[in-house]
Amino acid sequence: MKLTRRNFIKLAGITGVVVLTGGLAGCEDKSATTKNIAVAEKIPPADKATVYFSKTIDAEHLIALYQKINGQIVGKVAIKLHTGEPKGPNILSPKLVQPFQAQIPNSTIIEANVAYGGPRSTTEGHRRVLKANGWTFCPVDIIDEDGDVDFPVGGGFHLQKVAMGAHLTNYDSLIVLTHFKGHSMGGFGGSLKNIAIGCASGKVGKRQVHGLEDFGEWVMGDKLMELLADSGKAICDHFGRQIVYINVLQRLSVDCDCAGAGAAAPEMPDLGILASTDILAVDQASVDMIYNYPGPEKNSLIERIESRSGLRQLTAMAQHQMGTSNYELITID
């Protein structure tokens, strides 16, 4: 299939539901290096993670949640978020992100070019979209502007390495700031999708994560979720303790922000913000909030998650010992 944005968005999934199981915490470490990519110290396993929550979505509460989890964020800080296709109706608002970024010293928003064509497939076009969407208040580093570098995947399901944007190695810490929503291929897009696809280089890494490099076709279902976990694990291993995760459950469309102006309107109300140092716990808590919502407005999003085998993201992370699905939810409101 030709690699175009239209085909990317229209790809249908394989129906499947996965039973959730628990896992051990801590992004696993390996001592190997690839192209001088060091792997961080091993994080001891934990039986339960802490996830902080606020039902209020504004900069004040976003900052307050971050301050609960930022103890290991040091040095040069990357903020990974999806800045969106042109005129995307559901992306996180720059008005929400600007005061958040302003209070994090030595921080930069990072993005990577896309693999499916369109203006964001080149650095020049990507910068035009950044400007049009309002991401002008701080530097935005397109991390694959100067190529990519291989990150090792220790014990991967399918991948031994993933080509990440080369500039990612310039940062000491990573804040994963995610607009949680549905996804046409992944079922849902949470913290895992944000880093696993979002940090991979457009020319090589994203093709690896989608299976195009190894399998020659767009991979769907369980295999895609396992590829996401492989890529996400490489980033977790690289940053070790210097990585945190924030999911904003707002504008809960069934579509990713990569759908641009054509993204479906949300049917569910906004639910709030979740924050944790554990990637599996924060994505698990986000999915749980969708499933536990009392009204039928959740049905379309749940159908999207299950029809794409999206829950396999969670069990794959557990198998990789990237975190735990056993969490304590603490409300700060």
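The values are calculated or read from the model by the stated rules, or taken from the named source; none is laboratory data. Every value quoted in this text rests on a predicted model; they were computed, and no experiment measured them. Cβ atoms come from the backbone with ideal geometry, glycine included; neighbour counts cover every protein chain shown.
Details
- Hits in the stretch 282-310 (condition: within 15 Å of the chain's Cα centre (by Cα) and not β-branched (V, I, T)): D283, Q284, A285, S286, G310
- Number of the condition not met by E85 [criteria: (1) surrounded by 17 or more Cβ atoms within 10 Å (Cβ to Cβ); (2) in a helix (DSSP H, G or I)]: (2)
- Residues that are among the polar types (S, T, N, Q), part of a helix (DSSP H, G or I) and under 20 Å from I243 (Cβ atoms) within the stretch 299-333 comprise Q313, Q319, listed in sequence order.
- On the stretch given as the stretch 112-141, residues that are surrounded by fewer than 21 Cβ atoms within 10 Å (Cβ to Cβ), outside any loop (DSSP other than H, G, I, E, B), without any contact (Cβ under 8 Å) to a residue 40 or more places away in the chain and of a type outside the set (K, R) total 4.
- Single match in A49, A59, A132, A64 (criterion: more than 19 Å from L249 (Cβ to Cβ) and among the small types (G, A, S)): A132
- A single member of V204, V219 is surrounded by fewer than 24 Cβ atoms within 10 Å (Cβ to Cβ), closer than 15 Å to I143 by Cβ and of a type outside the set (K, R), and it is V204.
- Residue list for the stretch 176-207, filter: farther than 21 Å from G88 by Cβ and either under 10 Å from the mean Cα position of the chain (by Cα) or touching a residue at least 60 places away in the same chain (Cβ under 8 Å) (or both): S201, K203, G205, R207
- Helices (runs of 4 or more DSSP H) within the stretch 164-268 that include 3 or more residues modelled with pLDDT under 95: 212-215
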